[in-house]
1. For the stretch 99-122, indicate whether the set of residues that are surrounded by 10 or more Cβ atoms within 10 Å (Cβ to Cβ), without any contact (Cβ under 8 Å) to a residue 24 or more places away in the chain, over 25 Å from residue 64 (Cβ atoms) and of a type in the set (S, T, N, Q) is non-empty.
2. When you look at residue 52, is it over 30 Å from residue 109 (Cβ atoms) and modelled with pLDDT under 90, yes or no?
3. Evaluate the stretch 83-101: report whether one residue or more is basic (Lys, Arg) and either within 30 Å of residue 57 (Cα to Cα) or over 26 Å from the mean Cα position of the chain (by Cα) (or both).
4. Restricting to the stretch 88-135, name every residue that is outside any helix (DSSP H, G or I) and closer than 30 Å to residue 55 by Cα.
5. Yes or no: the stretch 63-81 includes at least one residue that is at pLDDT 90 or above, part of a helix (DSSP H, G or I) and not small (Gly, Ala, Ser).
Amino acid sequence: MGLFDKLVKKVVEVTAMPQPVVVEPQPKAKKPRKPKAETAPVKKPRAKKKVKEVENPAKLAANKAGEPWVQVLSIDVDKDDPGMGAFELDWNDIFVARLIKAGYQGKTDQDIVDNWFQAVCRNVVLETWEQEQADPVVRSNKRDLGNGRTEVS
């Protein structure tokens, strides 16, 4: 038996584990409740008259014809930053179905149409940028290299 084993044996003998003590939980004393104050009778809210939203005649015609339909209802531009703004769109269910068929995704119809509208805006910006890059006036940075050679960038 080594020195370590002797020390461990002594420690184990000295520190015997006591038996666990079981303590039974005592129920909490309930606080007395306050008496309910008398209140005025609660009035049931009256149903508001629903104003029937007038459908756009073009939307109704598209629905009857089974065609997709979308329209820009309004455009809001920030007064302080004209580059910021929002578009309010209206569409029919057939339009959303066509977008889904074309591969647009989203949790709601609004998400699907929003993804489509972002793609349209992105394509407009890319097309404008490509046209500017292809414009020879924009690429008119010419530098004479000598010997009849010119660098165009």
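The values are calculated or read from the model by the stated rules, or taken from the named source; none is laboratory data. What you see is a predicted model, and the numbers here were worked out from it, not measured in a lab. No Cβ is skipped: glycine too gets one built from the backbone with ideal geometry, and neighbour counts run over all protein chains shown.
1. Yes: the stretch 99-122 contains one or more residues that are surrounded by 10 or more Cβ atoms within 10 Å (Cβ to Cβ), without any contact (Cβ under 8 Å) to a residue 24 or more places away in the chain, over 25 Å from residue 64 (Cβ atoms) and of a type in the set (S, T, N, Q).
2. On the way: over 30 Å from residue 109 (Cβ atoms): no; modelled with pLDDT under 90: yes.
In short, no.
3. Within the stretch 83-101, the subset basic (Lys, Arg) is 98, 101.
From what is left, the residues that are either within 30 Å of residue 57 (Cα to Cα) or over 26 Å from the mean Cα position of the chain (by Cα) (or both) are 98, 101.
Among the residues of the stretch 83-101, at least one is basic (Lys, Arg) and either within 30 Å of residue 57 (Cα to Cα) or over 26 Å from the mean Cα position of the chain (by Cα) (or both), which makes the answer yes.
4. Those that are outside any helix (DSSP H, G or I) and closer than 30 Å to residue 55 by Cα: 88, 89, 90, 91, 92, 102, 103, 104, 105, 106, 107, 108.
5. Within the stretch 63-81, one or more residues are at pLDDT 90 or above, part of a helix (DSSP H, G or I) and not small (Gly, Ala, Ser).
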